[in-house]
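Heads up, the thing below is written out as structure tokens.
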There are 2 protein chains.
Amino acid sequence: MKKGLTKICHRFFTNLANPTRLAALEQLMDKPMSVNELATALGQEQSMISHNLKPLLQCNLITIQKQGKKHIYTVNQETLSPIFEAIQNHAQKFCPTGGKCLKGEN
Amino acid sequence: MKKGLTKICHRFFTNLANPTRLAALEQLMDKPMSVNELATALGQEQSMISHNLKPLLQCNLITIQKQGKKHIYTVNQETLSPIFEAIQNHAQKFCPTGGKCLKGEN
DNA sequence: ACTTTATATGAATAAATATTCATATGAATT
DNA sequence: AATTCATATGAATATTTATTCATATAAAGT
């Protein structure tokens, strides 16, 4: 790791270390969506989705595109695809039971 | 993202979303170290280092090797190198000021 | 201009996580 | 077997982060 990257990594990982935001990203990996579409898809309140999209947007992990009153969010696949792929590889190799290392399960 | 990876990703990112653990990993990227070496290098208490190494170990982001009373920790570079690299790329491309998207700076 | 629809924001509370300090374990040395 | 050195653990407190609910903004349609 490049010296001094700790700070930006912290912000980055903190941003991703949240089940609501991860679920939103999972949806957005499939296709761009508006806030309400996400709220419906995830069964969450609209304000919760908005609150959680904000830091993702600030870190450019998603982009926004305003179509009238609808705000369409798109995932930054360039950044996130390789990272999710790396985690998948890690899980496959180092978490063979598919979650042996998960909280409450060891 | 593969459906259902949210849970394991959450655990993974939560683990990394901590300045002490990131600083420890940064040290370990350089070379394997004992707990006390890490504590000294980071200017932190030994118990704090131990507490923070534990979840990294559980998720196999580091490995342990016991040499007598010393416990030498080694970073899992196979997993972490590509991830840190991806973040570096992201930062270079999307955070051109080197932290415009950092907390308290926007 | 008023109403509706879509999203964002603020502030309070709730929940999760980190940090500290005291102490326990465990290996090596005398 | 007592002491020292190295690490781990437990439990309390402190800190951070998430969630909720009420409300604000802002675009579009009537």
**OP:** Only residues in segment A:40-63 that are within 11 Å of chain B (Cβ to nearest Cβ) and at negative phi count as the first member; pair them with residues that are open to solvent by 50 Å² or more (accessible area, probe 1.4 Å) and within 8 Å of DNA strand C (Cβ to nearest atom), Cβ under 7 angstrom, at least 6 apart or cross-chain, and list the lot.
**Re:** A:Leu57/A:Ile64
Original post:
Looking at segment A:1-37, which of its residues are more than 19 Å from B:Phe84 (Cβ to Cβ), more than 10 Å from DNA strand D (Cβ to nearest atom) and of a type in the set (Val, Ile, Thr)?
Top reply: A:Val35
Original post:
Condition test on B:Ala17, is it at the interface with chain A (Cβ under 9 Å from one of its Cβ atoms) and either under 25 Å from A:Phe12 (Cβ atoms) or out of contact with any Ser or Thr (no Cβ under 9 Å at 6 or more places or on another chain) (or both)?
Top reply: yes
Original post:
Of the residues B:Lys70, B:Lys103, B:Lys54, B:Lys93, which single one is out of contact with any helix residue (DSSP H, G or I) (no Cβ under 9 Å at 6 or more places or on another chain) and either modelled with pLDDT of 95 or more or open to solvent by 30 Å² or more (accessible area, probe 1.4 Å) (or both)?
Top reply: B:Lys54
Subject >> Meets criteria (within 15 Å of DNA strand D (Cβ to nearest atom), at pLDDT below 95 and either surrounded by 20 or more Cβ atoms within 10 Å (Cβ to Cβ) or not basic (Lys, Arg) (or both)) for A:Thr40 >> reply: no
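The values are calculated or read from the model by the stated rules, or taken from the named source; none is laboratory data. This one's a predicted model, so the numbers in the text were calculated from it and none came from an experiment. Note: ideal-geometry Cβ built from the backbone for every residue, glycine included; neighbour counts use all protein chains shown. Accessible surface is based on the protein model in full, side chains and every heavy atom, while ligands, DNA and RNA are left aside. Shrake-Rupley method; radii C 1.70, N 1.55, O 1.52, S 1.80 Å.
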